[in-house]
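Here's the structure we're looking at; comments come further down.
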Amino acid sequence: MTREGDRLDKTHKLSWAACMLLALNLGMLHSQQNGPAKPPGESKFTAVVANAIPPKTETIPLYEGAPIPNSKPTPDQESPGMWGSVEHVTRPTIQVYLPAKAKATGASVLVFPGGGYSGVSVTMEGAAMASFLQDHGIAAFIVKYRLPSDSTMEDKSIGPLQDAQQALLLVREHAKEWHLDP
């Protein structure tokens with residue numbers, strides 16, 4: 001490092017130290033005028049930060065423990081596909097992406113990732129879209145729906161539609177809990 005670089009680095013450190021001392025002095029002055037500081041959990045700053053962080057994403061079985069309609073008894077055959085897709089879906093789920101309270105608009109979107117019925121593109125067409133919507137205050141719900149199959153369904157022509165209807169019903173049932181505009 002050059003002498004000029006050393007001098008700038010020392011100046012930067014001194015400036016930072018001066019800012020920290022000023023902040024400490026202001027904090028002490030504030031506590032002398034307003035009594036003892038509140039515990040960390042009660043500050044306005046903590047509340048603002050907590051409202052700016054979205055809740056953890058959760059995955060829920062689409063039928064919440066009830067029997068899956070139009071399904072034949074088969075073992076779970078789900079397997080990872082190419083580029084973040086999932087193939088052979090037999091146990092549908094819904095992944096909940098709720099926005100931070102500070103950004104929440106009450107709007108919500110069901111996301112049905114594509115895949116040409118050979119898979120469900122949960123990463124590129126699901127999670128990426130849901131994260132974008134969540135960041136803009138919109139609750140997003142990724143539906144990992146069943147893929148038509150004679151080996152897993154009584155009538156493969158209606159399986160994905162049944163999952164779509166169930167997803168809509170489930171989101172409406174939880175609208176109040178998730179702070180969504182019904």
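The values are calculated or read from the model by the stated rules, or taken from the named source; none is laboratory data. Please read these numbers as outputs of a predicted model, since none were measured by experiment. Cβ coordinates were reconstructed from backbone atoms using ideal geometry, including for glycine residues, and neighbour counts include every protein chain displayed.
Would you be able to tell me the number of residues in the range 90-117 that are among the small types (Gly, Ala, Ser), free of Cβ contacts under 8 Å to residues at least 40 places away in the same chain and over 26 Å from residue 67 (Cβ atoms)? So that I can check it myself, show each step before the final result.
First pass over the range 90-117, keeping only residues among the small types (Gly, Ala, Ser): 100, 102, 104, 106-108, 114-116.
Of the ones still in play, those that are also free of Cβ contacts under 8 Å to residues at least 40 places away in the same chain are 114-116.
Next cut, over 26 Å from residue 67 (Cβ atoms) only: 114, 116.
The number of residues fulfilling the criteria is 2.
Which members of the range 119-137 meet the condition of being in a loop (DSSP other than H, G, I, E, B) and crowded, with 19+ Cβ neighbours inside 10 Å?
Answer for the range 119-137, where residues must be in a loop (DSSP other than H, G, I, E, B) and crowded, with 19+ Cβ neighbours inside 10 Å: 119, 121, 122.
Please determine, by comparing only the residues of the range 75-103 that are in a loop (DSSP other than H, G, I, E, B) and crowded, with 20+ Cβ neighbours inside 10 Å, which one is modelled with the lowest pLDDT. I'd like the intermediate steps shown before the answer.
So in the range 75-103, the residues in a loop (DSSP other than H, G, I, E, B) come out as 75-78, 81, 85, 88-92, 98-103.
The next check asks that each one be crowded, with 20+ Cβ neighbours inside 10 Å; those that pass are 85, 89, 92, 98-99.
Values: 85: 82, 89: 89, 92: 94, 98: 97, 99: 97.
Per the stated criteria, the residue is 85.
If the Cβ limit is 8 Å and pairs must be 6+ apart or interchain, which residue in the range 63-89 that is more than 21 Å from residue 118 (Cα to Cα) pairs with which residue that is surrounded by 12 or more Cβ atoms within 10 Å (Cβ to Cβ)?
Between residues of the range 63-89 that are more than 21 Å from residue 118 (Cα to Cα) and residues that are surrounded by 12 or more Cβ atoms within 10 Å (Cβ to Cβ), the close pairs are 63/69; 63/92; 63/166; 64/170.
Return yes or no: is residue 108 touching a Gly at 6+ places or on another chain (Cβ under 6 Å) and surrounded by 20 or more Cβ atoms within 10 Å (Cβ to Cβ)? So that I can check it myself, show each step before the final result.
Numbers: touching a Gly at 6+ places or on another chain (Cβ under 6 Å): no; surrounded by 20 or more Cβ atoms within 10 Å (Cβ to Cβ): yes.
The answer is no for residue 108.
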